[in-house]
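*Asks:* This is the structure I have questions about; it appears just below.
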Amino acid sequence: MISPLQSAIAGLCPRCGAKALFAGPIKFAERCPACGLDFSAFNVGDGPAAFLTLIIGAIIAGSAIGVELGFSPPWWVHVLLWPVITLALLLGALRVAKGLLLALEYRNAAREGRIKDK
Ligand SMILES: [Zn+2]
């Protein structure tokens, strides 16, 4: 049994564990080539992106203030440093968050809302 966290961090298929969840850095594959699980049926949407933008924005702003107060580097250090760190953090966290959400949807058999018949 693959845990959702393993699946998210290593990009493993939540059903069979094949390393096939991602087709690109933050893009899901269409389906698992090993067991045929249809990844496109899981819609994780933009939830993780909005959430992470707020968290990472707060981390970066806090770090930038800390570095300025602690080291007072020249202005171009900030210009070079923060965009790179922000992008790296965001892509890394987005990948894990999306993978985690898909794995949890798989495990809990979550689907889009529908009327329950009896
Ligand atoms: Zn699979």
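*Asks:* Of all residues in the stretch 4-25, which are in contact (Cβ under 8 Å) with a residue 12 or more places away in the chain, in a loop (DSSP other than H, G, I, E, B) and away from the ligand (no atom under 13 Å from the Cβ)?
*Replies:* PRO25
*Asks:* Under the condition of being surrounded by 11 or more Cβ atoms within 10 Å (Cβ to Cβ) and either within 30 Å of GLY47 (Cα to Cα) or in contact (Cβ under 8 Å) with a residue 40 or more places away in the chain (or both), which residue from the stretch 63-79 is farthest from the chain's Cα centre (by Cα)? Lay out the reasoning, then the answer.
*Replies:* In the first step, residues of the stretch 63-79 are kept if they are surrounded by 11 or more Cβ atoms within 10 Å (Cβ to Cβ); the result is 63-64, 67-68, 73, 77-78.
Restricting the remaining residues to those that are either within 30 Å of GLY47 (Cα to Cα) or in contact (Cβ under 8 Å) with a residue 40 or more places away in the chain (or both) gives 63-64, 78.
Numbers: SER63: 21, ALA64: 23, HIS78: 26 Å.
Per the criteria, the residue is HIS78.
*Asks:* Restricting to the stretch 41-52, and then to whatever is exposed (fewer than 15 other Cβ atoms within 10 Å of the Cβ) and part of a helix (DSSP H, G or I), can you tell me which residue is farthest from the ligand (Cβ to nearest atom)?
*Replies:* Within the stretch 41-52, the match that is farthest from the ligand (Cβ to nearest atom) is ALA50.
*Asks:* Given the structure, is ALA18 surrounded by 12 or more Cβ atoms within 10 Å (Cβ to Cβ) and over 18 Å from the mean Cα position of the chain (by Cα)? I'd like the intermediate steps shown before the answer.
*Replies:* On the way: surrounded by 12 or more Cβ atoms within 10 Å (Cβ to Cβ): yes; over 18 Å from the mean Cα position of the chain (by Cα): yes.
Taking the combined requirement at face value, the residue satisfies it.
*Asks:* Being more than 7 Å from the ligand (Cβ to nearest atom), touching a residue at least 12 places away in the same chain (Cβ under 8 Å) and under 16 Å from LEU101 (Cα atoms) is the filter here, so list the residues in the stretch 26-40 that pass it.
*Replies:* Result: ILE26, PHE28, PHE39, SER40.
Quick note: the coordinates plus some simple rules give every number you see, no bench work behind them. As the structure is a computational prediction, the values presented were derived from the model and not from experiment. Glycine gets a Cβ as well: all are built from the backbone with ideal geometry, and neighbour counts include every protein chain shown.
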